[in-house]
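Q: After the structure tokens below, expect a handful of questions from me.
The values are calculated or read from the model by the stated rules, or taken from the named source; none is laboratory data. Small disclaimer: the values here were computed from a predicted structure and weren't measured. As a convention, Cβ positions derive from the backbone with ideal geometry for all residues, glycine included, and neighbour counts pool all protein chains shown.
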Amino acid sequence: MSIPIPPPATCSGFIYTVVPGDTLFFIAQRFGVSLNAIIAANPQIPNPNLIFPGQQICVPTGVPVPIIECSMLLFRTANVPILPEAEAGGVARVVQNSQGGNVLVATIGLPPPSTLGGNIYVAWIRRPGFSPIPFQLSQTGPIVIEPGVWVGAILFGPGEQFAPFQDIVVTAEISPPFITPNLNRIALIGQFAQCQPR
């Protein structure tokens, strides 16, 4: 068993705890910093290709995370049939600041995901040049009273910048792992450019 390597004595950013599956490259991409900047900020790591879950590393931040608080509408695509009970649609609430952030997606009027060839609805935050960020939606309430109500949320840590982004799409997916959205099964879409301050 190896002795945990402590984080660097000084960090001009924030301390991040490595989780299973992380690499320095993926961490750099996730937080929008260069791989070389992360390597330089962590001289305690002798081999940048070898990091461990639970290890704490410094993620440098060159610029402050922009403060964003807004809401955006999600609109039905042509893939979704119109239900007599409710027109499909949704809303996303976006909050980002230096302490972290979150995105909450709530929808109504969606048919069962099997209608679009999937088993579960997944919301995706799509950002040009970065991997999309998925999070699963869950059905709520009595289906008879509130047809097609699905909600989900994702939390972000200190210093993690995810906005501005391109858009949010909700797709019907078959099963995890969720890597990229199935563009043939998009149920809802909303553009970040339409995100209005609350």
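Q: Of all residues in the range 45-62, count the ones that are surrounded by fewer than 14 Cβ atoms within 10 Å (Cβ to Cβ) and without any contact (Cβ under 8 Å) to a residue 40 or more places away in the chain. Before the answer, list the steps.
A: From the range 45-62, those surrounded by fewer than 14 Cβ atoms within 10 Å (Cβ to Cβ) are 46-47, 49-50, 52-54, 62; that's our starting set.
So of that shortlist, the ones also without any contact (Cβ under 8 Å) to a residue 40 or more places away in the chain come out as 46-47, 49-50, 53, 62.
Matching residues across the range 45-62 total 6.
Q: Separate question: Quick one: in the range 184-198, which of the residues that are part of a strand (DSSP E or B) and surrounded by fewer than 15 Cβ atoms within 10 Å (Cβ to Cβ) is modelled with the highest pLDDT? Spell out how you get there, then give the answer.
A: If we filter the range 184-198 for residues that are part of a strand (DSSP E or B), which is where we start, we get 186-191, 196-197.
Still in the list and also surrounded by fewer than 15 Cβ atoms within 10 Å (Cβ to Cβ): 191, 196-197.
Numbers: Gln191: 97, Gln196: 86, Pro197: 84.
Restricting to residues being part of a strand (DSSP E or B) and surrounded by fewer than 15 Cβ atoms within 10 Å (Cβ to Cβ), the top hit is Gln191.
Q: Can you run down the residue pairs with Cβ atoms below 8 Å, 6 or more apart or on separate chains, where the first is in the range 14-25 and in contact (Cβ under 8 Å) with a residue 40 or more places away in the chain and the partner is surrounded by 14 or more Cβ atoms within 10 Å (Cβ to Cβ) and of a type in the set (Ser, Thr, Tyr)?
A: Phe14/Thr61
Q: Oh, and also: Filter the range 109-118 for residues that are crowded, with 18+ Cβ neighbours inside 10 Å and part of a loop (DSSP other than H, G, I, E, B); which is farthest from the chain's Cα centre (by Cα)?
A: First, the residues of the range 109-118 that are crowded, with 18+ Cβ neighbours inside 10 Å: 109-110, 113, 116, 118.
This time we only want the ones that are part of a loop (DSSP other than H, G, I, E, B), so: 109-110, 118.
Numbers: Gly109: 23, Leu110: 21, Gly118: 20 Å.
Residue satisfying both the conditions and the ranking: Gly109.
Q: Now for a different question. For the range 154-173, give me each residue that is outside any loop (DSSP other than H, G, I, E, B) and surrounded by fewer than 16 Cβ atoms within 10 Å (Cβ to Cβ). Walk me through it before giving the result.
A: First, pick out the residues of the range 154-173 that are outside any loop (DSSP other than H, G, I, E, B): 154-156, 167-173.
Answer for the range 154-173, where residues must be outside any loop (DSSP other than H, G, I, E, B) and surrounded by fewer than 16 Cβ atoms within 10 Å (Cβ to Cβ): just Leu155.
Q: Still on this structure, please answer the following. Mind checking which residues of the range 119-130 are at pLDDT 95 or above and not in a strand (DSSP E or B)?
A: Asn119
Q: Right, something else. Among the candidates Pro142, Pro176, Pro181, which residue alone is modelled with pLDDT of 95 or more and outside any strand (DSSP E or B)? First the steps, then the outcome.
A: Numbers: Pro142 fails: modelled with pLDDT of 95 or more; Pro176 fails: modelled with pLDDT of 95 or more.
Among Pro142, Pro176, Pro181, only Pro181 is modelled with pLDDT of 95 or more and outside any strand (DSSP E or B).
Q: Residues in the range 64-83: is at least one over 26 Å from Phe192 (Cβ atoms), among the small types (Gly, Ala, Ser) and either in a loop (DSSP other than H, G, I, E, B) or more than 24 Å from the chain's Cα centre (by Cα) (or both)?
A: Checking the range 64-83: not a single residue is over 26 Å from Phe192 (Cβ atoms), among the small types (Gly, Ala, Ser) and either in a loop (DSSP other than H, G, I, E, B) or more than 24 Å from the chain's Cα centre (by Cα) (or both).
Q: For the range 13-37, name all the residues that are touching a Pro at 6+ places or on another chain (Cβ under 7 Å), surrounded by 12 or more Cβ atoms within 10 Å (Cβ to Cβ) and not in a strand (DSSP E or B).
A: In the first step, residues of the range 13-37 are kept if they are touching a Pro at 6+ places or on another chain (Cβ under 7 Å); the result is 13-15, 18-20, 24, 33, 37.
The next check asks that each one be surrounded by 12 or more Cβ atoms within 10 Å (Cβ to Cβ); those that pass are 13-15, 18, 24, 33, 37.
Within the range 13-37, Val18, Leu24, Val33, Ala37 qualify.
Q: Return the pair list, or none, for Cβ contacts closer than 6 Å from residues in the range 109-124 that are in the same structural domain as Thr77 (by TED's automatic domain parsing) and under 17 Å from Gly152 (Cα atoms) to residues that are polar (S, T, N, Q) and buried (at least 18 other Cβ atoms within 10 Å of the Cβ), at least 6 apart or on different chains.
A: Close Cβ pairs satisfying both conditions: Val122/Thr171.
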